[in-house]
1. Determine whether V153 is modelled with pLDDT of 95 or more, more than 30 Å from P191 (Cα to Cα) and of a type in the set (A, V, I, L, M, F, W, C).
2. Only one of (1) closer than 16 Å to S247 by Cα; (2) surrounded by fewer than 21 Cβ atoms within 10 Å (Cβ to Cβ) fails for E175. Which number is that?
3. For residues that are in a helix (DSSP H, G or I) and exposed (fewer than 14 other Cβ atoms within 10 Å of the Cβ), tally how many sit in the stretch 193-215.
4. From (1) under 21 Å from V289 (Cα atoms); (2) in contact with a helix residue (DSSP H, G or I) (Cβ under 7 Å, 6 or more places away or on another chain); (3) part of a strand (DSSP E or B), pick out the condition that doesn't hold for H44.
5. If A189 passes every condition in (1) touching a residue at least 60 places away in the same chain (Cβ under 8 Å); (2) assigned to a helix (DSSP H, G or I); (3) not β-branched (V, I, T) but one, which one does it miss?
6. Do the conditions hold for Y387, that is, is it under 22 Å from the mean Cα position of the chain (by Cα), part of a helix (DSSP H, G or I), at pLDDT 70 or above and within 25 Å of N23 (Cβ to Cβ)?
7. Name the strands (runs of 3 or more DSSP E) wholly inside the stretch 244-352 in which the number of residues that are hydroxyl-bearing (S, T, Y) and modelled with pLDDT of 90 or more is 1 or more.
8. Of all residues in the stretch 23-53 being of a type in the set (D, E) and farther than 26 Å from S112 by Cβ, which is modelled with the highest pLDDT?
Amino acid sequence: MSGPNKRIVILGAGYGGIFLATNVARHTKEKTGEVILVDRNPYHQLLQEIHLVAAGFRTANDVKIPILTLTAGMNVKFIQSAVKQIRPDTNLVVLESTKIHYDVLIVCLGASTKYFNVKGAEENSLPLHSITDASLIYDSISSIVNSDKEQSVVIVGGGATGVSLGGALSDFINESKKSDSISVTIIEALPTILSGWDERLVKKVEELLREKGIRIITSSPVARVENADGDGSDIYLSDDGKSKIHSSLTIWTAGIKGYDIPINPEIEKTKDGKIIVNEFCQIDRYPNVFSIGDIAAVRDDTGKLYPPLAQIAVREAKYLSNLIPKHFIANGGDTDAPSLSTDEKFEYTIKVQLISLGNDDYVGFFNNHVISGNLARLVEEFSMDAYIKTLKSAGRDIMNTSLYGDDIFSRLVSGITFARFTFVKWLKNIA
């Protein structure tokens, strides 16, 4: 596409894609830029809460936000379609329904489940990576709870998804008064659950999970998963290939890989299928193509990949919502050879770690302290409230958008906003 009007195409309306679309739109006008957002679904999924759908504490509609509601009144054109191919040499995206030429492309298609070539894992377990997955798990756990037999639920993978799901399912089972006949086990291949999280937070999480009656098995990679003659599955651990755990319901949350989308000519990817980008979240070979979120391999100053967290995707989106308008829209920016300086590279230090452990339980790490109970829940509610308001305001709600800034002013405003949010919640509770 030629001329001063720049077409910015964003693939995927997950945390990174929808945040980027709504925030970059405020920098563009119809005469200077066009923002096109593509997703196979007509809604944005709050994936941080789908474990609660799996346990029946949320409905599917509770964690869906119609994309057209979020983009109403903005310079964003939404196309509901699946992405079939990307051709960066000709600036073309092939969709199931049409083809789109772009000046700037941002790939935010997320990730899919990784089974590590474990025999039988995909066939004999349920994944948790979408609202549809969560609904299937809920149907299965409901059937188990309504049974009179002793049953067992095994979650393979002790990362954030597996841990949150374990806590939520345990709450569901306990509320159903079936804790004596239904067990919940989390199996993790690494020496600890929540690998890479602060050790003090991990210790607190383990303590709370065990209080809920959850069994935690670490340092135990799964060798294979076999169908148990229609009665659930048998999970064999690879310590000796013979250790077996029977499961009435097996849920696989052990890992993710980049969403598989054909890109021709091929670009460099990690073994997990993530798109390798530079310090600007940009593909070196094609400087007008960026990638963020779970599908992107973005490294910090130490060379370590940023973890697949929603807060990282949103921070990357906030970063690009400033970088792209500056270099690709203002003054008719040259999309073929943008001039980016090293002081503009993406940098982010995780300051808050927060995880849900059930229907109403949260544990976090904030200001170098482990938090739980009401404070952790307030931080989670505040973060979600600020996220939604920032989306709906296209980044114009300064009080909430400041949550995504790292400067002194943003930190000050964020503190004030959190105090106001807490006060309002308190007033509602005493009313």
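The values are calculated or read from the model by the stated rules, or taken from the named source; none is laboratory data. Keep in mind it's a predicted model, so treat the numbers as computed, not measured. With ideal geometry, Cβ positions are generated from the backbone for all residues, glycine too; neighbour counts draw on all protein chains shown.
1. On the way: modelled with pLDDT of 95 or more: yes; more than 30 Å from P191 (Cα to Cα): no; of a type in the set (A, V, I, L, M, F, W, C): yes.
Judged against the criteria, V153 is not a match.
2. Result: E175 fails condition (1) only.
3. So in the stretch 193-215, the residues in a helix (DSSP H, G or I) come out as 199-211.
From what is left, the residues that are exposed (fewer than 14 other Cβ atoms within 10 Å of the Cβ) are 199-200, 203, 207, 210-211.
Total meeting the criteria: 6.
4. Among (1) under 21 Å from V289 (Cα atoms); (2) in contact with a helix residue (DSSP H, G or I) (Cβ under 7 Å, 6 or more places away or on another chain); (3) part of a strand (DSSP E or B), the lone unmet condition for H44 is (1).
5. Only one criterion is unmet by A189, namely (2).
6. Details: under 22 Å from the mean Cα position of the chain (by Cα): yes; part of a helix (DSSP H, G or I): yes; at pLDDT 70 or above: yes; within 25 Å of N23 (Cβ to Cβ): yes.
Yes, satisfied.
7. Details: elements: 244-247, 249-252, 256-258, 286-291.
Fully inside the stretch 244-352 and qualifying: 244-247, 249-252, 286-291.
8. Keep residues of the stretch 23-53 that are of a type in the set (D, E), which gives 30, 34, 39, 49.
Remaining after also requiring farther than 26 Å from S112 by Cβ: 30, 34.
Numbers: E30: 60, E34: 91.
Of everything passing the filter in the stretch 23-53, E34 is modelled with the highest pLDDT.
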